[in-house]
Amino acid sequence: MDKARTTGTLVAAFACGLIFALGLGLGGMTQPSKVIGFLDFTGAWDPSLAFVMGGALATHTLLRRLIVARPEPLLALSFAMPAKTDIDGRLIAGAAIFGAGWGLAGLCPGPAIVAAGGGASAALVFVPAMLAGMVLHEVLTARGK
Amino acid sequence: MQHLTVLPSLAGGILIGLSASALLAVSGKIAGISGIVGGLLTPKVGDTAWRGAFVVGLMTGGLALASFAPGTLEMTLPRSTAAVIVAGLLVGFGSRLGSGCTSGHGVCGIARGSRRSLAATVTFMLTGAAVALIVTQFFGGRV
């Protein structure tokens with residue numbers, strides 16, 4: 001049973017990643033020029049990506065209520081719940097730095113990995129740099145402890 | 001020039017929402033991409049394989065898009081390799097420091113009613129818009 005559960009969660013994770021990728025692609029999130037067209041509202045503003053976020057938010061907000069009303073997930077013991085609740089300096093500084101990078105190249109983590117999987121040249125440069133940034137954060141955090 | 005794509009964008013968003021909901025319903029996990037990838041860099045026993053499977057799913061989706069809808073992966077934005085590397089470093093470091101990115105904060109967190117995620121989303125939208133604006137206004141849209 002345990003092995004079946006593990007296999008089930010892996011198949012589900014793969015399928016969810018695949019659907020997530022198709023959603024990003026269909027929605028326009030994997031085209032950096034479209035992301036910049038959304039973020040830069042001074043030019044010929046393209047509000048399309050607001051519909052990606054709106055559609056994702058509406059769908060997930062609705063379904064999430066039904067899902068967490070159940071005692072536990074189908075193949076796991078509990079629902080993950082972020083522990084932090086306070087708005088601190090790390091949250092705001094991190095979000096600000098992340099946003100700056102997003103606005104510079106028009107790629108955020110999901111679309112970058114999807115585009116790298118598709119062999120898109122910019123993403124193949126971006127993803128290793130992104131992983132290096134993540135490792136740098138781990139190193140600095142470990143040193144601070 | 002970009003064209004308004006209301007219906008495909010809405011449909012894409014719904015797919016993302018369905019994916020995040022399915023992952024929560026089956027495994028109880030949050031579909032935040034930077035968190036999923038970050039966890040792969042600091043592996044913990046029993047909490048790594050599903051992350052790998054999700055990332056392989058993302059990349060397989062990318063392969064499918066490249067094969068059947070190559071226009072969805074158009075990298076036409078004029079950015080030098082150096083700019084792309086700097087952007088990648090900022091996105092990787094910032095998303096880990098701020099505990100999330102567009103998916104984890106912008107979709108999953110806000111859907112959960114998290115004040116932290118709302119604050120983070122407003123912040124990264126503002127700095128993203130500011131940098132995009134600076135590049136357009138002062139660098140002619142090329143960096």
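The values are calculated or read from the model by the stated rules, or taken from the named source; none is laboratory data. Bear in mind that the values here come from a model prediction, so they are computed numbers and not experimental data. Quick reminder, even Gly has a Cβ in these numbers, built from the backbone with ideal geometry, and neighbours come from all protein chains shown.
Looking at region B:25-39, can you tell me whether even one residue there is out of contact with any Cys (no Cβ under 7 Å at 6 or more places or on another chain) and within 17 Å of residue A:129 (Cβ to Cβ)?
Yes, region B:25-39 has at least one match.
Residue A:51 - would you say it is within 28 Å of residue A:121 (Cβ to Cβ), of a type in the set (Phe, Trp, Tyr) and surrounded by fewer than 24 Cβ atoms within 10 Å (Cβ to Cβ)?
Yes; evaluated as a whole, the condition is true for this residue.
Quick one: residue B:47 ticks every box in (1) under 23 Å from residue A:70 (Cβ atoms); (2) in contact (Cβ under 8 Å) with a residue 40 or more places away in the chain bar one, so which box is it?
That leaves (2) as the condition not met.
Here's a check for you: in region B:11-47, which residue that is among the hydroxyl-bearing types (Ser, Thr, Tyr) and more than 17 Å from the chain's Cα centre (by Cα) is surrounded by the most Cβ atoms within 10 Å (Cβ to Cβ)? Can you show your working first?
First pass over region B:11-47, keeping only residues among the hydroxyl-bearing types (Ser, Thr, Tyr): B:19, B:21, B:27, B:34, B:42.
Among the residues that remain, those that are also more than 17 Å from the chain's Cα centre (by Cα) are: B:27, B:42.
On the way: B:27: 24, B:42: 14.
The residue in question is B:27.
Looking only at region A:73-98, how many residues end up being of a type in the set (Gly, Ala, Ser) and over 20 Å from the mean Cα position of the chain (by Cα)?
3
Looking for whichever is over 18 Å from residue A:109 (Cα atoms) and at pLDDT 95 or above here; the options are B:15, B:24, B:40. Which one fits?
Working: B:15 fails: over 18 Å from residue A:109 (Cα atoms); B:40 fails: over 18 Å from residue A:109 (Cα atoms).
The unique qualifying residue is B:24.
Of the conditions (1) surrounded by fewer than 19 Cβ atoms within 10 Å (Cβ to Cβ); (2) closer than 16 Å to residue A:89 by Cα; (3) not hydroxyl-bearing (Ser, Thr, Tyr), residue B:141 satisfies every one except a single condition; which number is it?
(2)
Go through region B:115-132 and give me each residue that's over 13 Å from residue A:101 (Cα atoms) and at the interface with chain A (Cβ under 7 Å from one of its Cβ atoms).
Of everything in region B:115-132, those that are over 13 Å from residue A:101 (Cα atoms) and at the interface with chain A (Cβ under 7 Å from one of its Cβ atoms) turn out to be B:115, B:116, B:119, B:120.
Checking residue A:116 against (1) touching a helix residue (DSSP H, G or I) at 6+ places or on another chain (Cβ under 7 Å); (2) under 16 Å from residue B:38 (Cα atoms); (3) without any contact (Cβ under 8 Å) to a residue 60 or more places away in the chain, which test does it fail?
Here residue A:116 clears every test but (2).
Determine whether region A:124-137 contains at least one residue that is more than 7 Å from chain B (Cβ to nearest Cβ), within 18 Å of residue B:110 (Cβ to Cβ) and in a helix (DSSP H, G or I).
no
Would you check if there is a residue in region B:75-86 being within 7 Å of another protein chain (Cβ to nearest Cβ), in contact (Cβ under 8 Å) with a residue 24 or more places away in the chain and surrounded by fewer than 23 Cβ atoms within 10 Å (Cβ to Cβ)?
Yes: region B:75-86 contains one or more residues that are within 7 Å of another protein chain (Cβ to nearest Cβ), in contact (Cβ under 8 Å) with a residue 24 or more places away in the chain and surrounded by fewer than 23 Cβ atoms within 10 Å (Cβ to Cβ).
I'd like the residue in region A:108-123 that is facing another protein chain (nearest Cβ under 7 Å) and within 14 Å of the chain's Cα centre (by Cα) and, out of all such residues, is nearest to residue B:60 (Cα to Cα).
Per the criteria, the residue is A:114.
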